[in-house]
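Chemist: Quick one: the structure is below, and I'll ask about it shortly.
The values are calculated or read from the model by the stated rules, or taken from the named source; none is laboratory data. Quick caveat, the model's predicted, so the values are computed rather than measured. When we count neighbours, we look across all protein chains shown, and the Cβ atoms used for this are built from the backbone with ideal geometry, even at glycine.
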């Protein structure tokens with residue numbers, strides 16, 4: 001076998017790790033002391049590409065724009081290519097004198113399987129390949145139960161993880177990038193048309209978000225300054241700015257979980273609220289658990305984790321599903337969430353659970369339908385987290401909420417949006433209703449209707465599903481599974 005070339009360039013393949021700081025693959029390539037070829041490959045594949053849907057495409061455009069700008073400021077250049085990496089990467093390596101190739105492991109089994117095949121092809125051409133960990137804090141192969149099996153319960157998983165977690169320091173962003181002289185010809189980002197034009201259905205995204213590594217750092221600092229200490233309670237209030245909104249930045253790798261971890265630890269050292277900080281880090285833990293589950297159970301996105309749900313009696317409710325996607329179910333908290341999603345590409349976490357529960361339990365639509373819609377419309381669409389979360393709500397997943405625990409969207413609204421401010425923001429048809437009735441306008445007595453000038457079923461629809469009936473039928477469908485073996 002021929003030896004690795006002493007000359008030649010180092011290829012750095014960016015994926016959903018669109019940052020310069022704490023980027024292990026980029027750091028290793030710089031340590032090789034070779035000139036760099038920096039590429040991003042856009043694969044138009046729902047299961048293998050960087051973006052699973054149009055809203056995430058919007059974010060991807062901004063993230064790539066920011067990364068290219070940051071690379072250019074350090075003397076480098078990001079080359080944009082579109083196609084299948086299985087053929088493009090080996091072709092690049094041969095044509096542009098690549099001696100070593102570096103990228104971060106994705107954490108998604110299908111992508112990692114493809115990447116190992118690419119690495120094998122490169123090694124056949126005597127190109128040294130390093131695939132390094134940069135997506136999660138935890139190595140899923142190293143964290144198992146005492147019986148040597150994967151954890152299936154989040155609490156036990158996270159308790160064990162916390163005992164072992166000792167993340168090294170975050171890697172600094174490079175000050176200078178030494179570029180190779182022989183660079184591939186790339187595409188112009190605008191030519192990919194990742195953002196809509198006519199009509200611009202993402203117009204509301206621009207005021208809400210700042211994609212890119214700088215935006216991620218700003219979002220984290222703002223949360224640590226203004227949201228962390230109140231997070232334990234604030235995270236459940238959609239009418240208040242109590243969440244970090246870091247999910248799209250983490251999803252596209254503009255910030256690493258290790259950076260977030262160390263930033264929270266630094267705040268704890270200076271007196272941050274312990275309970276709130278632990279609760280926030282547990283949300284980072286849930287992301288870790290989702291990738292852990294997908295690694296060990298690679299059918300997580302396509303099949304019920306709990307196989308007895310294969311016999312569950314889902315309803316083919318096309319009209320109910322359509323009303324849900326449009327925010328026209330007649331259930332105010334659900335409709336507010338779905339409209340927030342359409343307008344901003346994001347939805348508050350508490351409301352996500354309520355909306356998902358309504359779809360899979362009251363309407364009994366298959367969780368995979370909801371997951372697919374979220375991946376079309378969320379800027380933070382993450383295949384691992386999305387699958388684990390939808391299965392959790394459906395009752396079919398690991399550590400799932402029991403199927404018989406059904407969110408009542410009226411009570412959830414009364415509890416977490418007590419004055420109705422969140423509903424008023426996103427469902428303006430109900431803006432004139434008093435808090436007493438805003439979460440169940442169909443129950444308003446005649447006097448209250450006349451006073452508010454509101455007639456249920458006219459400017460705002462009646463519920464597509466009567467809540468008590470939907471709950472009873474869901475429970476009946478669940479009871480039919482009790483005699484089916486649980487073989488998850």
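Chemist: Against the condition over 12 Å from residue 12 (Cα atoms) and at pLDDT 95 or above, how does residue 64 come out, does it pass?
Modeler: Values: over 12 Å from residue 12 (Cα atoms): yes; at pLDDT 95 or above: yes.
So residue 64 passes the test.
Chemist: All but one of (1) loosely packed, with under 12 Cβ neighbours inside 10 Å; (2) not assigned by TED's automatic domain parsing to the domain that holds residue 91 hold for residue 154; which doesn't?
Modeler: Exception for residue 154: condition (1).
Chemist: Report yes if some residue within the range 380-395 is assigned to a loop (DSSP other than H, G, I, E, B), free of Cβ contacts under 8 Å to residues at least 40 places away in the same chain and under 20 Å from the mean Cα position of the chain (by Cα); otherwise report no. Quick ask: steps written out before the conclusion?
Modeler: First, pick out the residues of the range 380-395 that are assigned to a loop (DSSP other than H, G, I, E, B): 380-382, 395.
Next cut, free of Cβ contacts under 8 Å to residues at least 40 places away in the same chain only: none.
Within the range 380-395 (the criterion being assigned to a loop (DSSP other than H, G, I, E, B), free of Cβ contacts under 8 Å to residues at least 40 places away in the same chain and under 20 Å from the mean Cα position of the chain (by Cα)), the answer is no, since none of the residues qualifies.
Chemist: Kindly evaluate residue 141 against the criterion of being more than 21 Å from residue 22 (Cβ to Cβ), at pLDDT below 95 and part of a loop (DSSP other than H, G, I, E, B). Can you show your working first?
Modeler: Values: more than 21 Å from residue 22 (Cβ to Cβ): yes; at pLDDT below 95: yes; part of a loop (DSSP other than H, G, I, E, B): yes.
Answer is yes for this residue.
Chemist: Does the range 116-124 include one or more residues that are over 19 Å from residue 185 (Cα atoms) and touching a residue at least 60 places away in the same chain (Cβ under 8 Å)? Spell out how you get there, then give the answer.
Modeler: Taking the range 116-124 as the starting set, the residues that turn out to be over 19 Å from residue 185 (Cα atoms) are 116-124.
Among the residues that remain, those that are also touching a residue at least 60 places away in the same chain (Cβ under 8 Å) are: none.
Within the range 116-124 (the criterion being over 19 Å from residue 185 (Cα atoms) and touching a residue at least 60 places away in the same chain (Cβ under 8 Å)), the answer is no, since none of the residues qualifies.
Chemist: Among the candidates 87, 63, single out the residue that is within 19 Å of residue 16 (Cα to Cα) and either under 24 Å from the mean Cα position of the chain (by Cα) or not in a loop (DSSP other than H, G, I, E, B) (or both). Show your work before the answer.
Modeler: Numbers: 87 fails: within 19 Å of residue 16 (Cα to Cα).
After ruling out the rest, the residue left standing is 63.
Chemist: Also: Among the candidates 72, 47, 33, which residue alone is free of Cβ contacts under 8 Å to residues at least 40 places away in the same chain and assigned to a loop (DSSP other than H, G, I, E, B)? Write out each step before concluding.
Modeler: Working: 72 fails: assigned to a loop (DSSP other than H, G, I, E, B); 47 fails: free of Cβ contacts under 8 Å to residues at least 40 places away in the same chain.
One residue alone meets the criteria, 33.
Chemist: Which of the residues that make up the range 434-450 are closer than 24 Å to residue 242 by Cβ and touching a helix residue (DSSP H, G or I) at 6+ places or on another chain (Cβ under 7 Å)?
Modeler: 438, 439
Chemist: Name the pairs whose Cβ atoms lie under 9 Å apart, with the first residue in the range 141-156 and closer than 12 Å to residue 289 by Cα, the second surrounded by fewer than 13 Cβ atoms within 10 Å (Cβ to Cβ), and 6 or more positions between them or separate chains?
Modeler: 143/164
Chemist: What's the number of the only condition in (1) crowded, with 20+ Cβ neighbours inside 10 Å; (2) assigned to a helix (DSSP H, G or I) that residue 103 fails to meet?
Modeler: (2)
Chemist: How many residues are in contact (Cβ under 8 Å) with a residue 40 or more places away in the chain, touching a helix residue (DSSP H, G or I) at 6+ places or on another chain (Cβ under 9 Å) and over 20 Å from residue 56 (Cα atoms) if we restrict to the range 244-265?
Modeler: Residues flagged as in contact (Cβ under 8 Å) with a residue 40 or more places away in the chain, touching a helix residue (DSSP H, G or I) at 6+ places or on another chain (Cβ under 9 Å) and over 20 Å from residue 56 (Cα atoms) within the range 244-265 amount to 5.
Chemist: Looking at (1) free of Cβ contacts under 8 Å to residues at least 40 places away in the same chain; (2) surrounded by fewer than 23 Cβ atoms within 10 Å (Cβ to Cβ), which is the one condition that is false for residue 350?
Modeler: Only one criterion in (1) free of Cβ contacts under 8 Å to residues at least 40 places away in the same chain; (2) surrounded by fewer than 23 Cβ atoms within 10 Å (Cβ to Cβ) is unmet by residue 350, namely (1).
Chemist: Still on this structure: Kindly indicate whether any position in the range 194-201 is assigned to a helix (DSSP H, G or I), in contact (Cβ under 8 Å) with a residue 24 or more places away in the chain and outside the structural domain of residue 69 (by TED's automatic domain parsing). I'd like the intermediate steps shown before the answer.
Modeler: Here is the first cut: in the range 194-201, the ones assigned to a helix (DSSP H, G or I) are none.
The answer is no, given that none of the residues of the range 194-201 is assigned to a helix (DSSP H, G or I), in contact (Cβ under 8 Å) with a residue 24 or more places away in the chain and outside the structural domain of residue 69 (by TED's automatic domain parsing).
Chemist: With (1) touching a helix residue (DSSP H, G or I) at 6+ places or on another chain (Cβ under 6 Å); (2) part of a loop (DSSP other than H, G, I, E, B); (3) in contact (Cβ under 8 Å) with a residue 40 or more places away in the chain as the list, and residue 459 as the residue in question, which single condition is left unmet?
Modeler: Going through the list (1) touching a helix residue (DSSP H, G or I) at 6+ places or on another chain (Cβ under 6 Å); (2) part of a loop (DSSP other than H, G, I, E, B); (3) in contact (Cβ under 8 Å) with a residue 40 or more places away in the chain, residue 459 breaks only (3).
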